[in-house]
1. Tell me the angle of helix 148-157 to the major Cα principal axis of the chain, expressed in degrees between 0 and 90 and rounded to the nearest ten.
2. If you build a Gaussian network model of the chain, linking Cα atoms that sit under 10 Å apart, which residue out of 205, 157, 193 swings the most?
3. What's the extension gain from residue 245 to residue 7 if we count 0.36 nm per residue and subtract their Cα-Cα distance?
4. Report, in degrees rounded to the nearest 10, the 0 to 90 angle that the Cα long axis of helix 2-19 makes with the longest principal axis of the chain.
5. Does anyone have the angle between helix 113-123 and the longest principal axis of the chain? Alpha-carbon axes, 0 to 90°, nearest 10?
6. Any idea what the dipole of the chain comes to, in debye rounded to 20, about its Cα centre with Lys/Arg Cβ at +1 and Asp/Glu Cβ at -1?
7. Let me make sure I get this right: for region 1-106, a, b and c are the square roots of the gyration tensor eigenvalues over alpha carbons, sorted descending. Under 1.5 in a/c it's rounded, otherwise prolate if a/b > b/c, else oblate. Which is it?
8. Just to confirm my numbers, what's the Cα centroid distance between region 112-166 and region 34-64 in Å?
Amino acid sequence: WTLLFMRLTTISCLILAASGVTVWYNARGSDFNYGLLIDASSSMTANDFKPSRLDAAKESALSFVDSVGSGTMVGVITFTGTSFVRQRLTDDLGEVKDIIRNINIESVGGTAIGDALVTGSNLFFSGRAGGNVLILLTDGQSNVGLEVKDAIPFLLENKVLVHAVGIGTKEGGSFAGEIVSKLDEETLKFIAEETGGKYSIAGDESELKEVFSEIAQLRTKRVGKNLTLILLLVGVGLLLVEWGLMNSKYRSLP
């Protein structure tokens, strides 16, 4: 039984080592790069926020930029059925605020959250060393482009943590006449949980500002530990021990 257990453990370790197992966890950090992903689809004009969801989002994003402090790098992306890089990572927060103030509803239809997450992750390729955090703000559900679940591996590979913020009342708001926009909370919770971030929902402008304020105070980043070498050493070590036992204590006599 001892040899059987050792052999099974050895095989398991070698298989896991070959698959490149990585353990993900959150750690405290000091330097951060932030990417703001702001939904700019037509549903952001819904009437459950005054004057609109987009205006509330812009005001909260401006407060967030003021909260993170000088020296922090921030980028801005708006998205609908496609993504628009409005500002690459920069520590010029005045320029970032000007970009946010000038965000308007885009004419492209749909909501491509998966594409926005990948585009947001690409922002960090030009950033400096530190925690990479995306803040996703949307009022709808992903209905075009890359599936959200297919974007998660890319986020994990690049150690990107996502805080997902849902904007809108539980009843939803109407826009363009009788169209009602409601939030897909399950998808946003999934994104936050898979990447180690936090999910929040804001039902009015004050709650939205509070959510952004809390995110600005979080000092958590995503860290990955590749276990390939450790598992390989354990597997080889157990293999040598097993060989030694088979030729000594558990040796079969002819």
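The values are calculated or read from the model by the stated rules, or taken from the named source; none is laboratory data. None of these values were measured; they are calculated from a predicted model. A quick note on method: Cβ atoms are made from the backbone with ideal geometry, for glycine too, and the neighbour counts reach across all protein chains shown. These area figures cover heavy atoms from the full protein model, side chains too; ligands, DNA and RNA do not enter into them. Shrake-Rupley method; radii C 1.70, N 1.55, O 1.52, S 1.80 Å.
1. It is inclined by approximately 60 degrees.
2. 157
3. Extra length from residue 245 to residue 7 when fully extended: 84.5 nm.
4. The angle comes out near 40 degrees.
5. Once rounded, the angle reads 80 degrees.
6. 1420
7. prolate
8. First find each Cα centre; the distance between them is then 18 Å.
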